[in-house]
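Below you'll find the structure, written out as structure tokens, and then a few comments.
The values are calculated or read from the model by the stated rules, or taken from the named source; none is laboratory data. These figures come from a predicted structure and were not determined experimentally. Please note that ligands, DNA and RNA were not included when accessible areas were found on the heavy atoms of the full protein model with its side chains. Shrake-Rupley method; radii C 1.70, N 1.55, O 1.52, S 1.80 Å.
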Amino acid sequence: RRVHGGTSLKMRFLDVSRFILRKKHTRPSSSASAQVFNGPNQPFEMKSLPLPSKLAYGELTVKISLATICGSDLHTFSGARGQAFPAVLGHEAVGVVQSSMRPDVKEGDRITWTLADSCGSCRVCSRNHLPQKCPSLFKYGHSGLVSEGSGLHGCYASHILLRPGTHVVQVPATLPDSVVAPANCALATVLNGVSMLPMKEIESVLVQGAGLLGLYAVAVLKHRGVPNVFCVDINPSRIAQIVKFGGIPIDSSRMNVADMKEFIKDRVGDGVDAAFEVAGVPDVVQQAIQLLRAGGHYVMAGMVHPKSQLNITGEQLIRKCLNIYAIHNYQPHHLDEAVQFLAESVDKFPF
């Protein structure tokens with residue numbers, strides 16, 4: 001996955017991470033192989049970790065078929081994101097159940113799973129419907145090797161141990177591993193964002209950023225019948241992908257906001273019904289405020305980092321009667337919807 005300014009870093013990360021992700025076993029193993037992260041910009045270390053001999057109720061051991069690299073892992077590797085170490089990174093994956101202590105999941109099932117484990121019973125989970133903010137939240141690929149249980153909680157390994165509060169989704173045979181693996185991060189997050197929008201009144205959307213989340217957003221919105229989905233980016237290779245997913249490209253290196261406003265006005269009138277921020281760049285917020293219609297809807301999902309100070313006034317939001325939705329990660333049902341969306345559209349879009 002391309003990350004702006006991070007191509008060489010990505011290649012270094014790939015070199016140390018591709019070691020084991022398609023290794024086949026003729027019989028269940030008693031140990032797992034893992035690439036252990038020992039700190040920013042340090043070489044990964046291959047280690048053997050024991051698989052649990054017994055599982056608690058609700059636990060699963062899963063043999064990883066394929067893992068993909070999230071931008072957050074690149075940030076961890078470079079030191080831009082804090083992370084306890086040693087650790088096994090990685091949270092995007094698909095795999096096959098090796099052993100199960102759940103009545104509805106059996107050995108041999110091909111599954112993906114939520115990137116976090118939550119209790120499901122506290123007020124935040126059950127009443128506020130934000131399991132991703134559970135006080136006892138555990139995030140796969142973001143915990144220390146020694147301090148958190150078995151250490152088998154990252155996807156850059158041959159196996160992973162899933163906890164009882166982790167939602168799993170059966171993967172249809174029609175979906176390749178490479179299509180499914182990123183669903184439990186970027187795609188499920190996009191579906192959370194789309195769920196904020198009153199879709200019956202949405203006829204035009206501006207997607208800010210044509211990275212993985214942005215292209216997913218374009219595809220989901222087109223699949224749900226939105227006729228005009230604009231997508232703005234500055235990167236030529238990303239802009240070239242927008243049309244393939246049904247979007248109308250806008251090149252911000254060639255258009256300023258005034259130009260974009262005229263471009264959009266010619267097609268949909270005075271502003272888009274909704275905007276979807278997945279660029280991670282604070283400056284695009286001003287762009288969205290100017291391009292949204294009065295009463296428009298703005299979903300913000302990309303700026304999950306401290307360098308996200310916004311240069312806006314309350315007056316700008318209030319006078320335009322804008323609806324703002326800030327979302328982070330997702331609820332379990334969004335992963336169900338993500339896999340269902342892929343099953344319905346795998347032949348429609350070039351995932």
Handout entry: Area of ILE234 that stays accessible when all protein chains are in place (1.4 Å probe, Å², to 10)
Key = 110
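Convex hull over the Cα atoms of region 127-247, averaged projected area in nm²?
Numbers: hull surface 42.1 nm².
Hull-based average projected area comes out at 10.5 nm².
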Exercise for the section: Compare GLU337, GLU59 by solvent-accessible area with a 1.4 Å probe and give them largest first, with all protein chains kept in place. Expected result: GLU337, GLU59
Practice task
Quick one: among SER253, SER78, SER204, which has the greatest mean-square fluctuation in a GNM of the chain with alpha-carbon springs under 10 angstrom?
Solution key: SER253
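Could you put ILE312, ILE69, ILE111 in order of accessible surface area, largest first, with the 1.4 Å probe and the full protein assembly present? Intermediate values should be presented prior to the final figure.
Details: ILE312 55, ILE69 25, ILE111 0 Å².
Largest to smallest exposure gives the sequence ILE312, ILE69, ILE111.
For MET101, MET46, MET260, give the ranking by accessible area with the largest first, probe 1.4 Å.
Working: MET101 80, MET46 100, MET260 5 Å².
Correct descending sequence by accessible area is MET46, MET101, MET260.
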Handout entry: the chain, relative contact order in percent, only Cα pairs under 8 angstrom and at least six apart counted
Key = 15
Exercise for the section: Quick one: compute the contact order of region 183-234, relative version, from alpha carbon pairs under 8 angstrom and 6+ residues apart, as a percent. Expected result: 42
Problem - Spread of Cα-to-Cα distances over 10 Å intervals beginning at zero, given as percent, for region 279-319 - result: 27, 58, 16
Problem - Table column - 3J(HN,Hα) (Hz), region 292-303, Karplus curve with 6.51, -1.76, 1.60, x for Gly and Pro - result: 7, 6, 4, x, x, 10, 10, 9, 10, 9, x, 8
Exercise for the section: Provide the descending list of Cα extents for region 47-138 along its principal axes, expressed in whole angstroms. Expected result: 41, 39, 21
Completion exercise
Over region 82-164, with neighbouring protein chains present, the accessible area per residue in Å² at probe 1.4 Å is 40
Problem - Integer Hz, Karplus 6.51/-1.76/1.60 couplings in order for region 111-125, x for Gly and Pro - result: 9, 10, 8, 5, 6, 9, 10, 9, 6, x, 10, 6, 4, 4, 6
Exercise for the section: Keeping all protein chains in position, work out how much accessible area TYR330 exposes to a 1.4 Å probe, and write it in Å² to the nearest 10. Expected result: 10
Exercise for the section: Bin all alpha-carbon pair distances of the chain at 10 Å intervals from 0 and give each bin's fraction as a whole percent. Expected result: 5, 24, 32, 24, 11, 3, 0
Problem - Mean-position separation - Cα centroids, region 169-237 and region 297-341, in angstrom - result: 14
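At a 1.4 Å probe radius, carbon and sulfur cover how many percent of the accessible area of region 222-351? Intermediate results must be reported in sequence, preceding the final value.
Values: 3430 of 6630 Å².
The C+S portion of the solvent-accessible surface of region 222-351 is 52 percent.
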Problem - Ellipticity estimate at 222 nm from DSSP helix runs (n ≥ 4, -39,500 (n - 2.57)) divided over the chain, nearest 500 - result: -7500 deg cm²/dmol
Fill in the blank from the handout: Compactness summary of region 48-90: radius of gyration and Dmax from Cα atoms, Å, are 14.0, 37
